[in-house]
C-alpha cells in the first residue's frame, strides 16, 4: 500500500511540478543533494549532516554541497519523476520501500565505476553485510546505506533497574511478557499510571510491531517468492495473537495502541507513561535529549526458544548518485566521504547513529561504553546477527500498514487473528496486483 500510495500520491504532483524545480546547476563544483534532513536543523542527525558538509567543503575548496530538503515520504517518487524530466539532484536518499523501483528505472549510477573499484579489499570488507548486499545487483553497486535503522524494544534503563529486570535476560516472549507485567503500575483506584509495553498500530506512520519478528523467527519471511503476502500462516496467527494479547489478555499495553503513531509512543515514553515501547534506533538520540542519555536503552527482540533473539526489521536510507547527473564524479566523492570512516564517526558521535563500518567501532573504542551509548553496539550486533531487510525484488511497500490494520481489527473489532490476517493478505495482494 505504501509503495503504491507513495507513487500515486506524489508522482502526479511531482510531474506537474517539474517545471517549477530550479534548473540544474551549471557549475561543476556544485553538488545538489535531496534528503529529508535539514542541515540548519537542531536534531542530532541534522547537526551531524551539517558538520559533514562543512568538513567536506573545507577540505575541498570551491566545492559546494547544496541540500534541498524534501518531505521524506514524497522524496523518492519526486526523484523518479525528476529523473525522467532530466532535472534530478546529483545525490539522492532513497526510501527502502522504493529502492527496487529506483534501481530498475535506471536512475541510479553504478558506484563501483565512480569510486568503489578504487577501494582496497579491506575497505570493501568494512562495508560488508546485509545493507551492502541490498544495493549490489548483477555486479553493480547502486547505493550505500546511511541512517541505518534497527527497530526493536526501547526501554527506560532506570525503571528496569528499579524493577530488578536485566534486559539481556529477556530472551523469550514469556520472560518479556512477565517483565512488562512487572513494569505496569496502577494507582490505589486501579488505574494504570504506567504501562509496561507501548505499541502503535497506526496505518499513517507504520513502524513494524512485535508480530513481525515473532513471525520471522518461525518462517524467515513475510512473502512468497512471487511477492504475495504470507501473513495468515500458523506462525503469523500465533504472532498476531501474541501482540494483541498484550492488550486484551495481559493488560500491559493500552487499547489506544490501535491508533498510536511512533511519535505518540515517544511522547508517552518521555512522559514516563511507558516503561518499554517498540521503537527505532535512529530516534534514540532524540529521545535521550528529552529525558537524559543514561535513561534510554535498546534491546534485541526476545527469541522463540530455539534462538535467543528474533530477527528485527531493519531499514535506513539508500544513498546514491543520479545516473543522469553531469556531476557524477564530484557527487561520488562526497557520497564516499559521507559514508566513509570520517563521516561514519560523525554520524555516531554527533548524530547518535549506530556505526556503519567495523573500523568505526574499533577507532572509537570506549565511546560505546559511555552511559547512553550502549544501544549502538546492541543495534550493531542485531544488524549483523538478528536483522531482516524487506526484499526489493518486488514492491512490498504497505506490508506494515496491512499488518497494523489486522491488529486494529483484532483489538477494536474483536476479529480473530486468522481472519484478520487473511483479510490483510487479500488487501495487500490486491493493492500490489498479485
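The values are calculated or read from the model by the stated rules, or taken from the named source; none is laboratory data. Owing to the predicted nature of the structure, the values given are computational and were not obtained by experimental measurement. Heads up, the Cβs are rebuilt from the backbone with ideal geometry, glycines too, and the neighbour counts pull from every protein chain shown.
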Exclusive hit being at negative phi, in contact (Cβ under 8 Å) with a residue 60 or more places away in the chain, buried (at least 18 other Cβ atoms within 10 Å of the Cβ) and more than 23 Å from the chain's Cα centre (by Cα), set 107, 82: 82
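Here is a list: 241, 257. Which entry is assigned to a helix (DSSP H, G or I), buried (at least 24 other Cβ atoms within 10 Å of the Cβ) and modelled with pLDDT of 95 or more?
Of the residues listed, the single one that is assigned to a helix (DSSP H, G or I), buried (at least 24 other Cβ atoms within 10 Å of the Cβ) and modelled with pLDDT of 95 or more is 257.
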State the number of residues belonging to segment 140-178 that are in a helix (DSSP H, G or I) and in contact (Cβ under 8 Å) with a residue 40 or more places away in the chain. 10
Given (1) part of a helix (DSSP H, G or I); (2) in contact with a helix residue (DSSP H, G or I) (Cβ under 9 Å, 6 or more places away or on another chain), index of the condition residue 41 fails: (1)
Just one of 218, 203, 225 is in contact with a helix residue (DSSP H, G or I) (Cβ under 7 Å, 6 or more places away or on another chain), modelled with pLDDT under 95 and under 25 Å from residue 432 (Cβ atoms); which is it? 203
Some residue of segment 282-293 being in a loop (DSSP other than H, G, I, E, B), in contact with a strand residue (DSSP E or B) (Cβ under 7 Å, 6 or more places away or on another chain), outside the structural domain of residue 61 (by TED's automatic domain parsing) and surrounded by 24 or more Cβ atoms within 10 Å (Cβ to Cβ): no
Those residues that are in contact with a helix residue (DSSP H, G or I) (Cβ under 6 Å, 6 or more places away or on another chain) and farther than 17 Å from residue 405 by Cβ, I need them from segment 206-215; list them, please. 214
Taking only segment 419-428 into account, find how many residues are crowded, with 18+ Cβ neighbours inside 10 Å and more than 24 Å from residue 394 (Cβ to Cβ). 0
Do we find that residue 212 is modelled with pLDDT of 95 or more and in contact with a strand residue (DSSP E or B) (Cβ under 7 Å, 6 or more places away or on another chain) in this structure? yes
In segment 260-281, anything crowded, with 24+ Cβ neighbours inside 10 Å and in contact with a helix residue (DSSP H, G or I) (Cβ under 6 Å, 6 or more places away or on another chain) is listed as 274, 275, 277, 281
For the list (1) over 20 Å from residue 167 (Cβ atoms); (2) touching a helix residue (DSSP H, G or I) at 6+ places or on another chain (Cβ under 6 Å), I need the number of the one condition that residue 251 fails. (2)
Are any of the residues in segment 209-227 outside any loop (DSSP other than H, G, I, E, B), free of Cβ contacts under 8 Å to residues at least 40 places away in the same chain and crowded, with 20+ Cβ neighbours inside 10 Å? yes
On the basis of being within 18 Å of the chain's Cα centre (by Cα), outside any helix (DSSP H, G or I), touching a residue at least 12 places away in the same chain (Cβ under 8 Å) and over 20 Å from residue 246 (Cα atoms), does residue 297 make the cut? yes
Test of understanding: among 343, 351, 320, which residue is modelled with pLDDT of 95 or more, within 19 Å of the chain's Cα centre (by Cα) and in the same structural domain as residue 372 (by TED's automatic domain parsing)? 320
Does residue 201 count as in a loop (DSSP other than H, G, I, E, B) and assigned by TED's automatic domain parsing to the domain that holds residue 246? yes
Over segment 163-174, the set of residues within 21 Å of residue 284 (Cα to Cα) and surrounded by fewer than 18 Cβ atoms within 10 Å (Cβ to Cβ) is 166, 168
When segment 137-178 is checked residue by residue, the ones that are within 30 Å of residue 35 (Cα to Cα) and more than 22 Å from the chain's Cα centre (by Cα) are 138, 139, 140
Residues in segment 5-17: is at least one modelled with pLDDT of 90 or more, closer than 30 Å to residue 404 by Cβ and not assigned by TED's automatic domain parsing to the domain that holds residue 285? no
Output for segment 128-139, where each listed residue is touching a residue at least 60 places away in the same chain (Cβ under 8 Å) and either crowded, with 21+ Cβ neighbours inside 10 Å or at positive phi (or both): 129, 131, 134, 135
